[in-house]
1. Taking region 53-72 as the search range and keeping residues that are part of a helix (DSSP H, G or I), out of contact with any Pro (no Cβ under 8 Å at 6 or more places or on another chain) and surrounded by 14 or more Cβ atoms within 10 Å (Cβ to Cβ), which one is modelled with the lowest pLDDT?
2. State all residues of region 31-52 that are modelled with pLDDT under 95 and farther than 16 Å from Pro4 by Cα; if no residue qualifies, say none.
3. Under the condition of being touching a Pro at 6+ places or on another chain (Cβ under 8 Å) and aromatic (Phe, Trp, Tyr), which residue from region 1-51 is surrounded by the most Cβ atoms within 10 Å (Cβ to Cβ)?
4. Taking region 34-58 only, how many residues are closer than 21 Å to Ser11 by Cβ and in contact (Cβ under 8 Å) with a residue 12 or more places away in the chain?
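The values are calculated or read from the model by the stated rules, or taken from the named source; none is laboratory data. From a predicted model like this one, the values you see are computed outputs, not experimental measurements. Using ideal geometry, Cβ is built from the backbone for each residue, glycine included, and neighbour counts are taken over all protein chains shown.
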Amino acid sequence: MQAPWHEGDTSSGNCYSCRKPVTTRYESRAIRLNRSRVTFPNVLVGVCTECNSMVDVPKQSFEQFRELGSWK
């Protein structure tokens, strides 16, 4: 199965920092989920093109969370 989103692709979403609909760009980042001390490296996420904050995580990135979370 080919991933539907790739680094550099654009989409749209609602930015919680800007508080408005914005264009997003997909890029790899190291992120830490709420209420977790674990940092997940190289996760594909949607980023606001105006304020550079994370807007969303595509479904295809959830497998990385499962893989790293099973090492507990």
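1. Among those residues, the one meeting the criterion is Leu68.
2. Within region 31-52, Ile31, Arg32, Leu33, Asn34, Arg35, Ser36, Arg37, Val38, Thr39, Phe40, Pro41, Asn42 qualify.
3. Top of the filtered list is Tyr26.
4. 17
One line per residue, one yes/no per condition, for (1) in contact with a helix residue (DSSP H, G or I) (Cβ under 7 Å, 6 or more places away or on another chain); (2) basic (Lys, Arg):
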| site | (1), (2) |
| --- | --- |
| Lys20 | no, yes |
| Thr24 | no, no |
| Arg32 | no, yes |
| Pro41 | no, no |
| Leu44 | yes, no |
| Glu50 | no, no |
| Ser61 | no, no |
